[in-house]
Amino acid sequence: MLLLRLTLAALAFVLVGCASAPLGGIRGIGGGTADPRRAQGFSLVLIDAGHGGQDNGGQGNGLREKDLALDTAQRLATELRGMGIATAMTRDDDRFIELDDRVALANRRAAEGAVLVSIHYNAGGRNAQGAMTFYWKPNSVGLATHIQRALVGEAGQNDMGTIRRRIRLTRNPEIPSVLVECGFVTNAAEAARLGSPEFRQRLARAIASGIRKQYYEGDAGIPPVPEIASPLSRASDRKTF
Ligand SMILES: [Zn+2]
């Protein structure tokens, strides 16, 4: 009995000790719900809204890619901050930024442990619909895979794949980088959904969910891809985004 009492006393002391300890490290940034798990591999998400200013991006069914991309990027930032994940944005209004300048903005965040997530909408044939996520570097395949899975599994987008492609925003930044094509503005049925703020919120939430999975679980369960020696992507390359 004495032993038990001593044990309880010791336990009470430990609990008091814990309660008075500084809480640094488990409080989320921006007042969001803290997740007690530790981040794996990155500490900041640089969100890049594609196109902007004089560059409308893809257009169809009364929608402009630059508007949808900015709106989705802003929603994504809010979602991530709510999860306690720090964010920054390459643009937060309707302005044009050269692709190489976006790469430079990404590289400037390398010391902060950033990853780049570029948000786009697609234009193509009338029948094409769904989401696809591009990456190039082996250190970006997990992030791309988790985002794509969430867009399909949580937002219900048609799965057009996690695609390895060497483009400026996947190849050139020094930090892990992915480019997300959320859906096609040129498909009438998909455009009807993409035009709805509620649906874009759903897309943003899914992208945030994929990022959160990578944030806490890293590449666990993701088949690795080999490094491919390749030159930097340039404007003269066949296709740019
Ligand atoms: Zn685009």
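The values are calculated or read from the model by the stated rules, or taken from the named source; none is laboratory data. If you're wondering where the values come from, they're calculated on a predicted model, not measured in any experiment. Methodologically, a virtual Cβ is constructed for each residue, glycine included, from the backbone with ideal geometry; neighbour enumeration extends over all protein chains shown.
Quick rundown of the values:
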| item | result |
| --- | --- |
| Selected residue (criterion: farthest from residue 185 (Cα to Cα)) from residues of region 56-70 that are surrounded by fewer than 22 Cβ atoms within 10 Å (Cβ to Cβ) and among the charged types (D, E, K, R) | 67 |
| Residue within region 88-102 that is under 25 Å from residue 171 (Cβ atoms), among the basic types (Lys, Arg), in a loop (DSSP other than H, G, I, E, B) and at pLDDT 95 or above present | yes |
| Breaking point among (1) touching a residue at least 60 places away in the same chain (Cβ under 8 Å); (2) closer than 25 Å to residue 174 by Cα; (3) within 14 Å of the ligand (Cβ to nearest atom), for residue 58 | (2) |
| Residue within region 75-85 that is within 16 Å of the ligand (Cβ to nearest atom) and either of a type outside the set (Val, Ile, Thr) or part of a strand (DSSP E or B) (or both) present | yes |
| Test: residue in region 98-115 that is closer than 25 Å to residue 213 by Cβ, in contact (Cβ under 8 Å) with a residue 60 or more places away in the chain, among the charged types (D, E, K, R) and surrounded by fewer than 16 Cβ atoms within 10 Å (Cβ to Cβ) | yes |
| Those residues of region 170-201 which are charged (D, E, K, R), closer than 17 Å to residue 117 by Cα and buried (at least 18 other Cβ atoms within 10 Å of the Cβ), in sequence order | 171, 181, 200 |
| Options 204, 229: the member that is of a type outside the set (Asp, Glu), modelled with pLDDT under 95 and either outside any loop (DSSP other than H, G, I, E, B) or surrounded by fewer than 12 Cβ atoms within 10 Å (Cβ to Cβ) (or both) | 229 |
| Residue match in region 164-178 (condition: out of contact with any helix residue (DSSP H, G or I) (no Cβ under 8 Å at 6 or more places or on another chain), among the polar types (S, T, N, Q) and assigned to a loop (DSSP other than H, G, I, E, B)) | no |
